[in-house]
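Engineer: Below are the structure tokens for one structure; questions will follow.
Taken together, the values in this text are just the output of simple stated rules run on the coordinates, not laboratory data. Bear in mind that the values here come from a model prediction, so they are computed numbers and not experimental data. Neighbour counts run over all protein chains shown; Cβ positions are idealised from the backbone, glycine included.
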Amino acid sequence: MKHEDLTYFKKWFKDFCGSYLTRAAKAAGAGDAEDRKNYSMKEEHTGNVLINAALIAGKHLPGENNLLIAQAAGLFHDVGRFPQYAKYKTFRDADSVNHGVLGVETLVENSVLTRLPEDERALVLGVVKYHNAFKIPAGENRTAPVFLKIVRDADKLDIWRFFTEMFDAPPADWPSAATLGLPDTDSYTPDVLSLVLEKRPVPHAKVRCVNDFKLIQLSWIFDLNFKTSFELLMEKNFVKLFSAGLPRTDGIARLENMLISLIEENLES
Ligand SMILES: [Fe+2]
């Protein structure tokens, strides 16, 4: 991949986002401002994921070409969010489509990556397809799971940034699609905490409130792959920021202790 390829991809993505924002602005209805907020949220997220991916790749992956591939994969990881929201008005995959798969379809339909050699194209598409899978599927992307791991970490880091900022603002300012329409109550679902403590997937049907959502986001720390990601996590104090909004129970304290030990181990490694 060349520098001009990444420049071309950034321009394509900017125009792509612009087309959805224009469409939302033209739509005659009360929801258009909300739609713009939701699209803008994803555009900003994408820019940050690209930066995080570059930071991680720069530390853990030698070579200019690898750095460019990691950035392109970061840039396109959520491209499926735009057609997903346009059609279904939600970012909840369970209620609509798998946005990783839709992202691959979007890139292929628009012939965005045709300027890349086939192996690099396959790498980027593999990252887009599996960036949102609960676990990295065994046997997939065998040649270079490293790009997938980089983007998954980069993505999580910016999702934590986004939500800690959002939870700091009045609920009326939260983009409607961000909390998946869940009620912001004082409690959490004990089953959700149990699954998180066991590092098991939480079925969508069990997620009932914003605090459940926070627990799931905290559990993503178990999946971080690189020391740089743990450093960025600590720099921003995300564990503390998320935990602050949760009820002070023994179970929550146990989760916090598990996470803090894991972070310490990884920072020392
Ligand atoms: Fe995503």
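Engineer: What pairs can you find where one residue is in the range 31-55 and free of Cβ contacts under 8 Å to residues at least 12 places away in the same chain, the other is in a helix (DSSP H, G or I), and their Cβ atoms are less than 6 Å apart, with a gap of 6+ or different chains?
Structural biologist: Every condition considered, the pairs that remain are Asp32/Ala24.
Engineer: Residues to consider are Lys2, Lys59, Lys89; find the one that is in contact (Cβ under 8 Å) with a residue 60 or more places away in the chain and on the phi > 0 side of the Ramachandran plot.
Structural biologist: Numbers: Lys2 fails: on the phi > 0 side of the Ramachandran plot; Lys59 fails: on the phi > 0 side of the Ramachandran plot.
Only one candidate qualifies: Lys89.
Engineer: Now a separate question. Which of the residues that make up the range 193-220 are under 21 Å from Met258 (Cα atoms), within 20 Å of the chain's Cα centre (by Cα) and either β-branched (Val, Ile, Thr) or not in a helix (DSSP H, G or I) (or both)? Spell out the reasoning first.
Structural biologist: First pass over the range 193-220, keeping only residues under 21 Å from Met258 (Cα atoms): 193-202, 211-220.
Then keep just the ones that are within 20 Å of the chain's Cα centre (by Cα); that gives 196, 199-202, 211-220.
Result: Val196, Lys199, Arg200, Pro201, Val202, Ile216.
Engineer: Filter the range 79-115 for residues that are away from the ligand (no atom under 16 Å from the Cβ) and in a loop (DSSP other than H, G, I, E, B) and give the result.
Structural biologist: Listed by number, the residues that qualify are Lys89, Asn110, Ser111, Val112, Leu113, Thr114, Arg115.
Engineer: Here are the criteria: (1) closer than 28 Å to Trp174 by Cβ; (2) surrounded by fewer than 21 Cβ atoms within 10 Å (Cβ to Cβ); (3) more than 16 Å from the ligand (Cβ to nearest atom). Tell me which single one Lys59 does not satisfy.
Structural biologist: Condition not satisfied by Lys59: (1).
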